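**Q** Here's a structure for you.
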Amino acid sequence: ESRPGAGAFIGRGFDKVVLSSNGLGAALIFFLMVLINADVFGRFLFNSPITGVPLIVTMSLVVIVFLQLADSLRNGRMTRSDAILGKLFVSRPRAAYGLQALYHFAGIVFTILLVYFSIPLLEKVWTANTFAGLEGQFAVPEWPVKFIIIAGAVILGFQFLRLFWRDLLILSGRIPMDLERVET
């Protein structure tokens, strides 16, 4: 009986990070639903809206996207055109996995660029201690959003790397091709 290696252990740990990030995004969605409904009822029943709801919603949407991107990619729900790829998986699976590997490699490159260009923005809002909103009414610090963008992009980049590595293993014959489904 063989025991899973360090790679499997790390992979399971990373899967937990991805699932936790996705769960935080889902919890934030639930929080926003409650907040928006409370704001609507406050406006309707008491003519008193909750201060800052539009700003919280606007900032939270970006956060939710970056918290849930890696899980979307891991589960094959990332937006892409599967028309050509789907046909290739049926007729020329090696070509399909090669094209998919290029897609995953491009994802790695784009997430590296996103992180690279986002770090100075985080440094800027951190050192300047900038806030979004109106001073004296409702303002929130900007750095947590910038930090989550970077953290989410790093997690997404590692998910792209895992899928790219899997594609390379399939193309090298080290793991069998899955011809029954198209995976991202």
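The values are calculated or read from the model by the stated rules, or taken from the named source; none is laboratory data. Since this is a predicted model, take the numbers as computed values, not measurements. Glycine gets a Cβ as well: all are built from the backbone with ideal geometry, and neighbour counts include every protein chain shown. Note: areas computed on protein heavy atoms with side chains; ligands, DNA, RNA excluded. Shrake-Rupley method; radii C 1.70, N 1.55, O 1.52, S 1.80 Å.
**Q** Does segment 126-140 hold any residues that are in a strand (DSSP E or B) and open to solvent by 100 Å² or more (accessible area, probe 1.4 Å), and which are they?
**A** Once the filter is applied, which keeps residues that are in a strand (DSSP E or B) and open to solvent by 100 Å² or more (accessible area, probe 1.4 Å), segment 126-140 yields F131, L134.
**Q** Please list, ordered by first then second residue, the pairs with beta carbon atoms under 8 Å, 6 or more apart or interchain, first in segment 62-85 and among the aliphatic types (A, V, I, L, M), second modelled with pLDDT under 95 and not in a helix (DSSP H, G or I).
**A** Every condition considered, the pairs that remain are L69/M78; L73/T184; M78/T184; L85/V182.
**Q** Can I ask one more? Starting from residues that are outside any helix (DSSP H, G or I) and without any contact (Cβ under 8 Å) to a residue 60 or more places away in the chain, keep the ones in segment 21-55 and report whichever is farthest from I150 (Cα to Cα).
**A** Out of the qualifying residues, it is N47.
**Q** Turning to a different aspect of this structure: Condition first: open to solvent by 30 Å² or more (accessible area, probe 1.4 Å), among the charged types (D, E, K, R) and assigned to a helix (DSSP H, G or I). Now tell me which residues in segment 60-111 satisfy that.
**A** Within segment 60-111, R74, K87, R94 meet the criteria.
**Q** Hey, can you tell me all the residues within segment 36-58 that are over 20 Å from G25 (Cβ atoms) and polar (S, T, N, Q)?
**A** Scanning segment 36-58 gives N47, S48, T51.
**Q** I need the full set of residues from segment 112-125 which are in contact with a Lys or Arg (Cβ under 6 Å, 6 or more places away or on another chain) and open to solvent by less than 70 Å² (accessible area, probe 1.4 Å), in order please.
**A** L122, V125 - these are the residues of segment 112-125 that are in contact with a Lys or Arg (Cβ under 6 Å, 6 or more places away or on another chain) and open to solvent by less than 70 Å² (accessible area, probe 1.4 Å).
**Q** Considering every residue within segment 1-22, establish whether at least one is within 29 Å of L102 (Cβ to Cβ), loosely packed, with under 10 Cβ neighbours inside 10 Å and more than 23 Å from the chain's Cα centre (by Cα).
**A** Scanning segment 1-22 turns up at least one residue that is within 29 Å of L102 (Cβ to Cβ), loosely packed, with under 10 Cβ neighbours inside 10 Å and more than 23 Å from the chain's Cα centre (by Cα).
**Q** Got a sec? Which of T111, T130 is β-branched (V, I, T) and more than 18 Å from V18 (Cα to Cα)? Quick ask: steps written out before the conclusion?
**A** Working: T111 fails: more than 18 Å from V18 (Cα to Cα).
One residue alone meets the criteria, T130.
**Q** Would you say N37 is under 30 Å from G133 (Cβ atoms) and either touching a helix residue (DSSP H, G or I) at 6+ places or on another chain (Cβ under 8 Å) or open to solvent by 90 Å² or more (accessible area, probe 1.4 Å) (or both)?
**A** No, not satisfied.
**Q** Given (1) under 17 Å from the mean Cα position of the chain (by Cα); (2) open to solvent by 90 Å² or more (accessible area, probe 1.4 Å); (3) closer than 23 Å to G11 by Cβ, where does R162 come up short, assuming only one miss?
**A** So R162 meets the others, but not (2).
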